[in-house]
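First the structure, in the form of structure tokens, and then the observations on it.
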Amino acid sequence: MEGGGSGRRVVAVGAGLAGLGAARRLCGHGSLLLLEAAGRVGGRVCTRPFASGLAEMGAHWIHGPSPGNPVFRLATGYSLLGPEAAREENQQVEVGGHPFLPSVTYGSSGKALSPTAVSEARHLFDTLLESARTFQGTKELPAPSVGQYLRGEIAQRVPALGEGREDARRLQLAILAACLKLECCISGTHSMDLVALEPFGEYVSLPGLDCTFPGGYSSLPDCMLSALPEGTVLLNKAVRTIQWKGSFREEGDEARNFPVRVECEDGDAFLADHVIVTVPLGFLKEHHQDFFQPPLPQRKVEAIRCLGFGTNNKIFLEFEKPFWDPQQQLLEVVWEDESPLEEPRTDLEANWFKKLIGFVVLQPPEQHGHVLCGFIAGKESEYMETLSDEEVLGTMTRLLRMLTGNPHLPAPRSVLRSRWHSTPYTRGSYSYVAVGSSGDDIDALAQPLPEDPEDPRPLQLLFAGEATHRTFYSTTHGALLSGWREAERLNQFFQAPSPAPRL
Ligand code: 6YU
């Protein structure tokens with residue numbers, strides 16, 4: 001062991017980008033162990049083989065690939081990105097979280113919708129969404145949630161929609177309902193009525209044309225793992241409890257007491273001075289009461305309880321031949337009888353697939369084959385997880401036949417979907433700032449423990465992970481930065497002169 005912190009023992013829990021990032025920054029400062037429940041690193045970055053290429057079960061794009069994005073910088077450093085991502089003009093594009101892809105929009109009546117009608121409704125939606133980001137610090141809010149605010153604004157504009165023609169107006173409303181579903185996928189929530197309006201503008205979009213990893217997103221955590229000394233990461237090592245504020249004695253040559261004891265599900269236990277907890281908010285929501293002994297302070301529990309953590313899943317479909325035009329990269333779905341001003345359907349069994357927003361065409365086909373990637377959020381997505389592959393494939397086939405108006409459209413050859421809600425060590429997809437919470441809750445979640453700055457054994461528990469980043473929550477770069485933040489906190493502590501012993 002070299003450098004400051006020598007002799008200090010650090011355990012990190014969770015080998016996603018937050019845990020791996022923290023581990024890399026801590027290398028050489030004390031002894032370090034990274035415990036991961038799964039049999040692989042990467043967490044919600046998870047690439048699997050599918051068809052003739054790869055499928056991203058979790059994170060898909062680098063959102064805002066530009067020099068200000070640490071995932072972009074790291075991936076560039078490891079030479080993991082294609083030539084498009086390296087182009088400077090692509091790094092300057094402002095997409096505001098909605099990358100533009102050439103698209104076709106299918107209506108539920110089996111016809112492609114007029115691009116003019118679609119872009120008119122989308123333009124209105126984007127304008128309203130932009131205005132939803134302007135309420136930070138406002139005391140008198142027009143509505144508590146983004147969804148209620150948007151629906152209120154849409155309701156006021158109903159008479160002008162579709163230039164007053166009833167059928168055109170109904171179509172505009174149906175497209176606006178589809179826009180709300182897309183926003184649910186982006187925010188990882190069941191309904192935009194659950195997303196708080198006041199802090200909505202606090203999330204920061206970085207410049208850059210969203211890009212993918214030609215060799216799979218998992219190539220990034222794999223490279224990060226290779227950069228760590230062998231033996232740092234223990235896989236299939238699920239942590240059951242973290243006892244802190246304790247005095248745990250380790251026998252041996254350097255016998256001493258440690259404040260934290262990490263016990264794994266297989267019975268192994270590790271003593272530490274500091275533990276960086278990077279488990280997802282979904283896992284914390286379900287387990288924090290038993291996971292930490294003694295329990296977490298009330299403020300931390302409150303943050304865990306009130307911040308949002310929802311589900312966004314993907315359904316990959318492989319086709320023998322494409323039924324879409326080669327230039328189309330996005331196939332969108334609009335249910336023509338829906339309106340954001342009406343209550344959504346609640347019968348999940350009969351209607352779950354209507355929450356699907358559409359499909360991204362995986363590019364290039366020479367690498368992936370003919371593969372569509374559907375996105376579906378919320379309770380409908382969680383219901384989809386309970387179905388068999390055959391049921392999902394059957395429903396997708398019927399849906400696509402209806403949308404294309406072609407009852408003979410060949411069924412997909414194979415299907416693969418994510419199930420993030422049922423994944424025991426994740427329990428959902430990513431965090432959002434829910435009604436009843438704010439950015440302060442994100443900061444409270446990130447706060448290390450014990451709270452007392454005078455505590456003689458500080459920084460026993462540190463918290464990282466995407467849900468602890470106030471402006472980049474829900475992203476890979478937020479996760480990575482949060483891991484670096486906590487590693488830096490420890491490094492600074494290790495380098496600070498030791499306080500004089502209390503008399
Ligand atoms: C991004 C994207 N993206 C799609 C889908 C998902 C996510 N994200 P990890 O969970 O990775 O690691 C924790 C580890 O802890 C894990 O390995 C566990 O096994 C382990 N663990 C748990 N319990 C344990 C225990 N007891 N013992 C030991 N180990 C334990 N992000 O940048 N681009 O395209 C997408 C997408 C389907 C599921 C995404 C995307 C989110 C990222 O994947 C995610 O944030 C990070 O990987 C998390 O890393 P981590 O280390 O924190 O946890 C206004 C406003 C809007 C706000 N949102 C806008 C942005 C939208 C986000 N984009 C989403 C879109 C897609 C498609």
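The values are calculated or read from the model by the stated rules, or taken from the named source; none is laboratory data. The structure displayed is predicted, hence computed values, not measured ones. The accessibility values were calculated without ligands, DNA or RNA, using every heavy atom of the protein model including side chains. Shrake-Rupley method; radii C 1.70, N 1.55, O 1.52, S 1.80 Å.
Excluding ligands, DNA and RNA, the accessible surface per residue across the range 361-503 is 43 Å² with a 1.4 Å probe. Heavy-atom accessible area for C185, with the other protein chains in place and a 1.4 Å probe, reaches approximately 10 Å².
Is the shape of the range 181-220 best called rounded, prolate or oblate, per the rule: a/c under 1.5 gives rounded, else a/b larger than b/c gives prolate, else oblate, with a ≥ b ≥ c the square roots of the Cα gyration tensor eigenvalues?
Prolate, since a/c reaches 1.5 and a/b exceeds b/c.
Of the residues Y217, Y203, Y425, the one with the largest accessible area comes first in the ranking Y425, Y203, Y217, computed with a 1.4 Å probe on protein heavy atoms. Measure nothing but the geometry: give the 0 to 90° angle between the long axis through the Cα atoms of 166-187 and the longest principal axis through the Cα atoms of the chain, rounded to 10°. Approximately 20 degrees, to the nearest 10. What is the angle, in °, between the Cα long axis of helix 389-404 and the longest principal axis of the Cα atoms in the chain? Nearest 10 is fine, range 0 to 90. It is inclined by approximately 40 degrees.
How much mean residue ellipticity at 222 nm does the chain get from its helices, if each DSSP H run of length 4 or more adds -39500 (n - 2.57) and you divide by all residues, to the nearest 500 deg cm²/dmol?
-10000 deg cm²/dmol
Cross-link check: pairs K321/K355; K181/K314; K285/K355; K285/K379; K181/K379 evaluated at a Cα-Cα cut-off of 19 Å; pairs beyond the cut-off: K321/K355; K285/K355. Cα centroid separation, the range 29-55 to the range 80-154: 31 Å. Solvent exposure of the range 15-165, expressed per residue, is 47 Å² of accessible area, with all protein chains present and a 1.4 angstrom probe. Taking a ≥ b ≥ c as the square roots of the eigenvalues of the Cα gyration tensor of the range 433-503, is the shape rounded (a/c under 1.5), prolate (a/b larger than b/c) or oblate? Oblate is the answer for the range 433-503, as a/c is 1.5 or above yet b/c matches or exceeds a/b. Residues K285, K181, K321, K245, sorted by accessible area with the largest first, give K321, K245, K285, K181 [1.4 Å probe; ligands and nucleic acids excluded].
In the chain, the portion of solvent-accessible area held by carbon and sulfur atoms comes to 52 percent [1.4 Å probe, whole percent, DNA, RNA and ligands not counted]. Shape class of the range 197-253 from the alpha-carbon gyration tensor: oblate, with a/c at 1.5 or above and b/c at least as large as a/b. For the chain, relative contact order (Cα pairs under 8 Å, six or more residues apart, normalised by length) works out to 24 percent. Here the Karplus curve 6.51 cos²θ - 1.76 cosθ + 1.60, taken at θ = phi - 60°, turns the phi angles of the range 271-284 into couplings of 9, 8, 8, 9, 10, 9, 9, 10, 5, x, 4, x, 5, 4 Hz, with x standing for Gly and Pro.
The convex hull drawn around the Cα atoms of the chain, when projected onto a plane and averaged over every direction, covers 25.6 nm².
Straight-line cross-link reach from K245 at under 21 Å between alpha-carbon atoms covers these lysines, not counting any fewer than eight positions away in the same chain: K300.
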